[in-house]
Amino acid sequence: MKRIFLFILLLWGCAGTVRAQTYLKMNGLYALVGVINPAVEFRVSERLTYQAEIVYSPWQSIRDHGVSKPMHFGICLNEFRRYFRERNDGWYLGANAGMMLFKMSKPEFRHGKLYLENRYSKGAGLMLGLCVGYEHLFARKWVLDFFFGWSYMLSWYNGYSLDGQIDLYPHRPVMPASPDPYNGSGEWYPNKIGVSIGLRIFDPAKKAARRDARAREEARSGR
């Protein structure tokens, strides 16, 4: 949690440094299941923004059909967004890239139901993806961000049984001739979904207006 707060403070500081209109957000959908997803979105141009975010799942164990399985991971994601109308208002398309560390059981569908594998993987990965979303401005400085993203994920990991013993035969298209716990995979998966609420924490136009107003007041006082 300390790292999460440090990340937010760092991005807050960056907002003041780059002098760009900035929104600080939190994903409410993830929060409902105990996953933390803070983000900061910066203005680049009239219709282009850049967003930096992290996703952190603290769950060392969750119950899946009566069995405890790990779902512990962290993701750092960078995204550029192109708005069709104007920044932070309306539909947008985004392109993102990120990295992840994980210790988790892989989701899979069996008999029409979603399960987690009866094993887990521990490793790292990269992702490249696209997203679509819609932002709605309200109350002058607040924003709602609805989004969904899909990415190609490359990951490298070791497999383990649920009791923590290393799995020498992780699943692969072609099994090795000799036991090998190391595996790599490339797959298409959703990489982001949610509804974030954001607060504008820096607005250079308003700051400039206040500065000009102070200058005019000082000029009148001088006369």
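Only residues that are surrounded by 12 or more Cβ atoms within 10 Å (Cβ to Cβ) and touching a strand residue (DSSP E or B) at 6+ places or on another chain (Cβ under 6 Å): list them for region 159-171, please.
Residues satisfying the conditions are GLY159, TYR160, ILE166, ASP167, PRO170.
Take the residues of region 107-153 that are in a loop (DSSP other than H, G, I, E, B) and in contact with a strand residue (DSSP E or B) (Cβ under 9 Å, 6 or more places away or on another chain): which is modelled with the lowest pLDDT?
Checking each candidate, the answer is ARG140.
Scan region 93-105 and give yes if some residue there is more than 24 Å from SER155 (Cα to Cα) and touching a residue at least 60 places away in the same chain (Cβ under 8 Å), otherwise no.
Looking through region 93-105, none of the residues is more than 24 Å from SER155 (Cα to Cα) and touching a residue at least 60 places away in the same chain (Cβ under 8 Å).
From the list SER57, SER45, SER61, SER68, pick out the single residue that is closer than 23 Å to SER151 by Cβ and among the small types (Gly, Ala, Ser).
SER57
Name the single residue that is nearest to GLN51 (Cα to Cα) among those in region 154-180 being free of Cβ contacts under 8 Å to residues at least 40 places away in the same chain and not in a loop (DSSP other than H, G, I, E, B).
LEU154
The values are calculated or read from the model by the stated rules, or taken from the named source; none is laboratory data. Values in this document were obtained by computation on a predicted structure and should not be read as measured data. No Cβ is skipped: glycine too gets one built from the backbone with ideal geometry, and neighbour counts run over all protein chains shown.
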